[in-house]
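Have a look at the structure below before the remarks.
The values are calculated or read from the model by the stated rules, or taken from the named source; none is laboratory data. None of the values given here were measured: they were computed from a predicted structure. Methodologically, a virtual Cβ is constructed for each residue, glycine included, from the backbone with ideal geometry; neighbour enumeration extends over all protein chains shown. Accessible surface is based on the protein model in full, side chains and every heavy atom, while ligands, DNA and RNA are left aside. Shrake-Rupley method; radii C 1.70, N 1.55, O 1.52, S 1.80 Å.
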Amino acid sequence: MLPHVRQEALTKGTERKLHQLCYSRGDAGEMLKVRADYKLPKEEDGKYWQLHLVDSPGIEVPEDNLQGMLAVLIACHAIMGSQKVELPSHKKLLPDLDITEDEAEELIQTVIHLCTQSLMMTMLYHEVNGFEQYVLAKLLPDHAYIFKDEITTLNEGGILHEHETMTGDTHLLCKAHLNCYLLEAGLTEFPMEKFQIDGTSYTRLIRSLRLPQNDIKALPEDFFPSFPSLVEFDVSHNKLSILPKGIGKCKKLCGINVKKNNLQNLPEELLELKDQPLRLEISENPIHSLPEVICHLENLQRLLANNLLLTSLPENFGNLKNLNYLTLKHNCLQVLPSSFKNLKKLKSLSLEGFPWFKHKPNGFLSQEDFGEFLKGTYADKWLEMHKEDKASLYEFFDEDSNGLLDEKEIAKLNACLFHIFPRFRGTEEESGIPAEILELENLEYLDLQFQGITHIPDTISKLHKLQELVVSFNPCLETISPLAGKLPLKRLVLDECPSIRTPPKEIISKGFQTIYAYLRRLISGSVECKRTKLMLVGLGGVGKTSLVKAIMSGGGVGETQEAIPQVTDGIDICTWTVTREKETVSYSVWDFAGQTVYYNTHQFFLSDRAVYLLLWNIRQGHEHAGLDFWLNSIAVHAPKAPILVVGTHLDQVSKVEIPVEEMQQKYSQIKGFHFVSSHSGQGIKDLQEMLLDVTLEQPYIGEQIPQVWLNLEKEIIKLRTTESVVSYVSLEDLALTKSGIYDKSEVSQAVQFLHELGSLQHFDNNFLKSHVVINPQWIVDVMSCVVSVNDSHIKDGYFNHTDIPKVWEDYPADLHWWLLRLTEEYDLTFQLPDKPVNLVPCLLPEKQPHFDWPELDRENGEREAKMIYKFDYLPAGLFNRAQVRLYEFSDSSVIWKRGSRLKKNDHIALLTQFRDSELHVKVQGTTPENVLFLVHEVFEGLITESFQGVVYDYLMPCPDCSKAHARDPHMFSASSIRRATQLKAPFLQCTKYFHVIPLTDLHSMMPPESSTDYDLQLVQTVRGLTDLRKDMSADIFISYCAKDVPKKSEKRVAPVDVCRDLEEAGYRCWFQEDPSSQSLEVTAIALRDARVFLACISDNYIEDQDCCAMFKYACTTLRKSIVLVVLGDSMNWQTSQIGLLVAGEVYVNMQQKDKYTSKLEELAKKLDMNTLLKKDEAIDYPPVFISYAWANSARAVELGTPEKEGAAGFGDPRDYKDFLEKNGIKCWLDVEQVGANGLFEDIAVGLQNAKLVVACISDQYAESTNCNMEFRFAKTALNLPIIVVTVGRGQMWRKSEVGMLSINYPVVSHDDTDQLLKLVKENLPSEVQQPVSNETKEKKKEKEQANQQQKNTSFQELYELAQRKFLRQVAKLADSFNMEAYPRLVVIDHMATEETEEGKIVEQE
């Protein structure tokens, strides 16, 4: 029979029907959410690829219509021929045949082959066009989905449904497959009916089913038997307490995701799937011991079991020999079963311990956030199981009972969490890493964060395929084995490991490549380094130099009492090595000068790698010893270094008084108090012993340093006898020939490390990198020459370049300019613009010079902004170094030791230091925020670099006080804003004028400290830039050649005349008086923003390469509308390339001066016809914007607006508009104004041009999203005055956001129109209420022209502010990566993200 059917089908044009085909080739998530053509990995592809015919009678299509579909039909049949085509049923498809489903599928497959051959033969008789050939040749194998448009026309009855993915792709699927992905669909029970089509169940055809983030409490009992073809199913984030029976019926099942349900166990029937390559996700369920059935799934590939509070794993866990991915994050494991080592195929292992709170500097932790943290990590479940009360835990650490935990309290809480929760813990001998892990030789990724590991052992080398090792947040981790350098590592993360010694923190800060190179170098040999700096500080004359001699002598006998001490000039450095019980410690002893003038240089040499001896003269008493100054100074520059307070001249007093307990409580760095006499030797031995004890406790003592790096240091020390500064090239040669280093890149790493140790000084910038200072004393002496207490050639802070040979007369002349740049690198000096003078701010006069601070020009949009910085202690040098860093904006006529005036883009700023704890910054200009932010970044950068221990707060003025031009506004502190944020407070109140300010407004004023802050500010900045750009962009860009500018004697049309006359006609023109003076960037931006390109074309124009390039760019690249004005004497330009580009264009010939007027009219008519242009005729925007909800207008209700009870009849906003206009005040009302550009754009334009808003507030207004948006935009973005009119009967609006935002505005009752009129008149600018005369219009135009430059300045400042904030975010992001130092190329793109079952973020294009 079949041969007969085949013959008939191939030779006769029998009736043919088209049947709908459902075609899917990926899992439900990818197919329905991401993109239609998502291509799975090859090993996954066959599991999901599915074709099935929909059970329908088919669609009759005339033979003629089939001809245009040949390519489509052949493609579909070819795909079907290569795969098995399934059927849900054949009752409609083959209604007359009494056969089984299997027989029907076999018959359909045969028919498909016959149809394919028939279509191919048909194609031979018809011409196949180019598109069809392309489809057959290129697209058939992988992209049959492109035929959707053709297939849609055949989708009679809507059997197939069109679905659009998040990326905009669309495809056609049957109803059942469309319902395979129901994310957050609000389901409370499984929707079995969604898989029925016309009474036929399609469940047996479903291979991928995802229903995450719903409220499903139970699955139907026949769920698994109904879906026998399931390959994967995801019911994560639901409320299932049990899985129904029958899961073993799904013989193809590979992926199971039941994350975050209420499951306490897994069904034993899972054993029936033990041969399947399973992926199992059971995280965040109340499963407190791993289900035994899991250990029998011998072919399990991936297991995710996070947040289960597991304390142990079954002994037979090692049966999972095919496991290649395992994550057991946030459990409470202390040991692993011995069988764990049998997981030889494991490639990725995450055993992240229970976390603690990651807090930000200056951050707070509220009790609510603490509860959320515990809930999110499931720590609350653990605490409940162990009868710990989380509220009591929080209150215990809230020592000041203020409802917030500060940094110190958070640190104590974290220490408690570290000890409460079980985790891997090491000892001095045992690393804490379970030995079983180190037997997993195929491991490529290992995550051991939040554990108690003490060191990474040598046996890490067994993991010879390891590429990523993450051991962040291990507070006890001290060393990484050098043998880790033998592994093929691509990533090693050591964040937040405070006890780490090897690698040193200076190496870790340089990124992975430096760490890896350091470990590899340690393999060839290392030395345990026990060395530090010994810093002696204190006021001048307290006996520092004498004490150095006493402790170094060993006998404790110093100078005689009668000896006159020599004053130390700067800093003296020497070396002292001491041995005790076979332990040798080497000290680099730094004796700091105590005179005030040197304090600005001390900051450069104080570091955490030091022990400090703070000396004071007991005879003079502690009150006059400056102890607080020095203790604060050390705390600022070296917040982690220990301090010993040493009283001298003990032999000359009988009693010592000093508040020991009070000082130790205030300064936690103090490790002890000693009282000595350098003359008699009293207390010297005890001081030496204590000094050694404290030194050996430091975390960096005992760190491993590559032997060759220390060899280089030894060679450098030898050189010090003859040299103090050498060229980098000679140092590099020394390293490569004598120290054992063989690679130039390692020389750079060694030099960087020795720089951090203080053995040498090297600066990696273009000018200074050529030399290396190998003698620290030398650089100290260089600085001392600038700020010496001895006679100096630098007077009142002015360092004339002619005095350089005198200041550094003892130094080689060829280094003098290098030394000057060195002082600039240290922020000690800066050069004045166009003057051969460097200023030394710390030597400037104390007295403030006389200068005038101008009054604000409010009419021209000037504003004043300010910030106040309050320090617990303001370190010496911080302010003066900030003056140096802001030198390019400094006004050299107004600068003194405690202040500077800055000038930047028509803005002026004043920086002033008040007392010893405050800095004030105030700025005047159109966009003062950018200058404020610039100054803030300078201070912030300096504090981060050199003053890490500084504690400060900054204050900003109340925005409503600023609007009211209050001379003494209330200042909000950044700390109070942060606290309010943590406490979820929506507003803060100004205590001087009792303004209520939304917290979002205050956040928008602060420098962004988080991504959320940045996002908020970016929106506002972009809005501001867009508004300014609209005002700045010209209608017409005028391009001309400078040679066409006529001389005075020539009677020719000048391009400038054309520009002037067009502007008088109302067009905004961009014109360069001197084309060579403008930067290319400015010109390109102006050209891009212009609507029309007007070319003053001539023979000179086409001969000018710049003019031609600009013309081609405007014409071919930007595709601007071109207008030609012909100048010059001939028309030869028409035969040029430019002429060819504009062939056929109508031009205006202005070659004859006497016809200029008529030609100008011709040009004006041509421009008037251009729809892109609008004359700059002032649009008479109504000054009053009426904001209201339509439900409150009886007139609107009459016209069809749905009526709401209590809304209309109590004041009609549309009546207020009529009332105000009768009194001469024009109003903006939506029903009269919208329609030009779209509702929201018209509303925005109306608000932007309004001078006042009348907000008719009601309950309906508060419920309206659009009304809320209008009010928020008027208040927050535009700062418009607002008058509130209460309409409607309800009062619930007072508790809404609008109600809170309107607190400071006047409120008028709906029937008090006289009061409304009075308030409107009081709040409207006077010029708005007066008729506009011609003279006023002229003045207005002049004013607008004068403001154009101001707008340019505002745009530049705002644009720079946006860039500065953007770079700040990028820098933070880059610093969070474990990557090499600069240069870095950061490529940023907008991507959609999706979290996979493994918890990883997947980026989708």
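Results, tabulated for the structure shown:
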read-out	value
Share of carbon and sulfur in the accessible heavy-atom surface of region 901-958 [1.4 Å probe, %]	51 percent
Percent of alpha-carbon pairs separated by more than 18 Å within region 789-861	51 percent
Listed peptides 260-267, 1159-1166 by packing density, highest first (mean Cβ within 10 Å)	260-267, 1159-1166
Nearest-0.05 FRET efficiency for GLU429 and LYS274, computed from C-beta distance (R0 41 Å)	0.50
Loop sites in region 602-672: trypsin sites (Lys or Arg not before Pro), DSSP, at most 11 other Cβ within 10 Å	LYS655
Between region 202-275 and region 523-545, the Cα center-to-center distance that results, in Å	66 Å
Protection proxy ranking, peptides 1113-1122, 805-814, average beta carbon neighbours within 10 Å, highest first	1113-1122, 805-814
Mean separation of Cα contacts under 8 Å, 6 or more apart, over the residue count of region 314-388: relative contact order %	29 percent
Calculated FRET efficiency for the pair LYS1321/SER1158, C-beta based, R₀ 60 Å, to 0.05	0.75
Added length on full extension, which subtracts the Cα-Cα distance from 0.36 nm per residue, SER730 to GLU468	90.5 nm
Solvent-accessible heavy-atom area per residue, rounded to whole Å², over region 250-357 at 1.4 Å	35 Å²
Beta bridges by DSSP in region 622-773, antiparallel share as percent, to the nearest 5	45 percent
Apportionment of accessible area to carbon and sulfur, region 732-834, percent (1.4 Å)	44 percent
Share of carbon and sulfur in the accessible heavy-atom surface of region 1060-1141 [1.4 Å probe, %]	46 percent
Approximate spin-label separation ARG915-MET1300, in nm, with each point projected 7 Å along Cα-to-Cβ	3.4 nm
Label point distance in nm, GLU1103-ASP215, each placed 7 Å from Cα along Cα→Cβ	8.3 nm
Theoretical FRET efficiency, 1/(1+(r/R0)^6), r = Cβ-Cβ of MET1292 and ALA185, R0 30 Å, to 0.05	0.40
By average C-beta atoms within 10 angstrom, highest first, the peptides 313-323, 1280-1290, 980-990	1280-1290, 313-323, 980-990
Estimated dipole of region 642-719 in Debye, rounded to 20 [Cβ of Lys and Arg +1, of Asp and Glu -1, Cα centre]	180 debye
